[in-house]
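Worksheet for the structure shown next.
The values are calculated or read from the model by the stated rules, or taken from the named source; none is laboratory data. Fair warning: this is a prediction, and the values are worked out from it, not measured in the lab. Positions of Cβ are generated from backbone atoms using ideal geometry, with glycine treated the same way; all protein chains shown enter the neighbour counts.
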């Protein structure tokens, strides 16, 4: 029995790696930009679902400059990654992200608005827009199984040199 538990824990860690890998970009700056986009989308979906446009407007008003810079970073990433298809791929990604967040929110049902509504208060309590990325990462607003940076794959490990 003592050997079975560690083996199961190790197996579980390996099984979880593909899901965790989907939430990481190659560059940390890209990761942060996509997480802030996910936070923004999460709050927008929440505002629509809970008919809380006032809180949404306050959030956007307070962080407008930071959100604009973030949008430019995400747009630049799509241009680097997809070239002439950047707009189409970015739009598809934004739609898929909103749909995934919305689908995840339906699980909470009637608890959604009180549960996630607290996120508006927390986001508004941040010292500045510079804190949005760390807040987004801590809240884990990216839906499970959703690729943060679509199509980005971590570079394969280089084979060991022969001696």
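Brief remarks follow.
- The single condition among (1) surrounded by 15 or more Cβ atoms within 10 Å (Cβ to Cβ); (2) over 15 Å from residue 149 (Cβ atoms); (3) modelled with pLDDT of 90 or more that residue 124 does not meet is (1).
- Inter-residue pairs, beta-carbon under 8 Å, first farther than 19 Å from residue 65 by Cβ and in region 24-35, second modelled with pLDDT of 90 or more and not in a helix (DSSP H, G or I), 6+ apart: none
- Hey, residue 80 modelled with pLDDT of 90 or more, more than 21 Å from residue 139 (Cβ to Cβ), exposed (fewer than 11 other Cβ atoms within 10 Å of the Cβ) and out of contact with any strand residue (DSSP E or B) (no Cβ under 6 Å at 6 or more places or on another chain) or not: yes
- Residue match in region 41-51 (condition: outside any helix (DSSP H, G or I) and over 19 Å from residue 146 (Cα atoms)): yes
- One residue from 103, 65, 138, 57 being at pLDDT below 90 and loosely packed, with under 13 Cβ neighbours inside 10 Å: 103
- Those helices (runs of 4 or more DSSP H) lying entirely in region 73-143 with at least 3 residues over 24 Å from residue 28 (Cα atoms): 86-106, 112-124
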